[in-house]
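Novice: Before anything else, here's the structure in question.
The values are calculated or read from the model by the stated rules, or taken from the named source; none is laboratory data. No experiment lies behind these values; they were computed from the predicted model shown. Methodologically, a virtual Cβ is constructed for each residue, glycine included, from the backbone with ideal geometry; neighbour enumeration extends over all protein chains shown.
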Amino acid sequence: MKEEIIMAGSGGQGIMFAGTLLAHAAMEEGLNVTYFPSYGAEMRGGTANCRVIISDENIGSPIVTNPSTLLAMNESSLQKFTPKVKKGGLIIVNSSLLKKELKTGGVEILKIPATELAEKLGDSRVANMVILGAYVNRRKIVSLERTVNSLSKVLGEGKKNLLKLNTEALRKGEKYI
């Protein structure tokens with residue numbers, strides 16, 4: 001098994017945090033992982049993406065050119081990375097921020113109103129966790145419980161107050177699927 005993922009959005013949407021959390025959960029599952037972040041020139045509001053590879057075998061390179069999965073938090077990321085997704089792959093998109101209809105052949109598309117679901121939880125900033133929860137449920141490479149358990153380690157002591165909200169957002173995304 002080898003899963004290559006690109007997570008993409010604007011700076012400030014929690015792309016790097018989601019990628020770090022997924023990578024940590026996969027390591028806790030005993031899988032091999034690479035995590036490769038890429039920031040735009042600006043931080044908040046600029047482009048941000050990370051590439052995560054999860055495998056039960058050794059990983060030769062952290063480079064992902066044709067992902068099996070794309071998690072897109074905004075329309076510009078969707079447009080940029082959709083053509084790179086492998087046939088038979090998966091795109092999970094934050095449909096709350098999607099203005100145009102997405103047309104692509106040979107790729108499964110899951111539209112998740114992540115921002116709206118996050119707002120119902122009280123904070124739109126956890127839309128990244130909603131998308132990640134949907135991904136975890138759909139792909140079943142790591143368990144949601146392992147992902148939730150990894151939250152406290154990735155958040156660290158200084159952000160323990162965010163544990164409950166992020167956990168709720170992960171579960172909301174899981175249930176949406």
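Novice: Could you check region 62-79 and list, in sequence order, the residues that are more than 17 Å from GLY106 (Cα to Cα) and either without any contact (Cβ under 8 Å) to a residue 24 or more places away in the chain or among the basic types (Lys, Arg) (or both)?
Specialist: Residue satisfying the conditions is THR65 alone.
Novice: Okay, next question. Does LEU132 satisfy being more than 18 Å from THR69 (Cα to Cα), buried (at least 18 other Cβ atoms within 10 Å of the Cβ) and touching a residue at least 40 places away in the same chain (Cβ under 8 Å)?
Specialist: The answer is no for LEU132.
Novice: List every residue pair whose Cβ atoms lie under 7 Å apart, where the two residues are 6 or more positions apart in sequence or sit on different chains, the first residue falls within region 152-177 and is closer than 20 Å to VAL142 by Cα, and the second residue, located anywhere, is among the basic types (Lys, Arg) and modelled with pLDDT of 95 or more.
Specialist: Matching pairs, first to second residue: ILE177/ARG138.
Novice: Continuing with the same structure: Can you go through ASN137, ASN94 and tell me which one is within 26 Å of LEU31 (Cα to Cα) and either buried (at least 18 other Cβ atoms within 10 Å of the Cβ) or of a type outside the set (Asp, Glu) (or both)?
Specialist: ASN137
Novice: Does at least one position in region 153-162 carry a residue that is modelled with pLDDT under 95, closer than 16 Å to ILE6 by Cβ and assigned to a loop (DSSP other than H, G, I, E, B)?
Specialist: Looking through region 153-162, none of the residues is modelled with pLDDT under 95, closer than 16 Å to ILE6 by Cβ and assigned to a loop (DSSP other than H, G, I, E, B).
Matching residues to (1) under 27 Å from LYS159 (Cα atoms); (2) at pLDDT below 95; (3) touching a Phe, Trp or Tyr at 6+ places or on another chain (Cβ under 6 Å); (4) among the acidic types (Asp, Glu):
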| residue | (1), (2), (3), (4) |
| --- | --- |
| ILE53 | yes, no, no, no |
| ASN66 | no, yes, no, no |
| LYS80 | no, yes, no, no |
| PRO83 | no, yes, no, no |
| GLU108 | no, yes, no, yes |
| LYS111 | no, yes, no, no |
| ALA127 | yes, no, no, no |
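Novice: Identify all residues within region 93-119 that are touching a residue at least 60 places away in the same chain (Cβ under 8 Å) and either polar (S, T, N, Q) or more than 18 Å from GLU174 (Cβ to Cβ) (or both); write none if there are none.
Specialist: ASN94
Novice: Separate question: Name the residues in region 81-98 that are more than 16 Å from the chain's Cα centre (by Cα) and under 16 Å from SER10 (Cα atoms), would you?
Specialist: LEU98
Novice: Please work out if ALA127 is closer than 19 Å to MET16 by Cα and in contact with a Lys or Arg (Cβ under 9 Å, 6 or more places away or on another chain).
Specialist: no
Novice: I've got another one for you. Can you name every residue in region 51-83 that is more than 8 Å from ILE5 (Cα to Cα) and surrounded by 18 or more Cβ atoms within 10 Å (Cβ to Cβ)?
Specialist: ILE54, ALA72, MET73, ASN74, SER77, LEU78, PHE81, THR82
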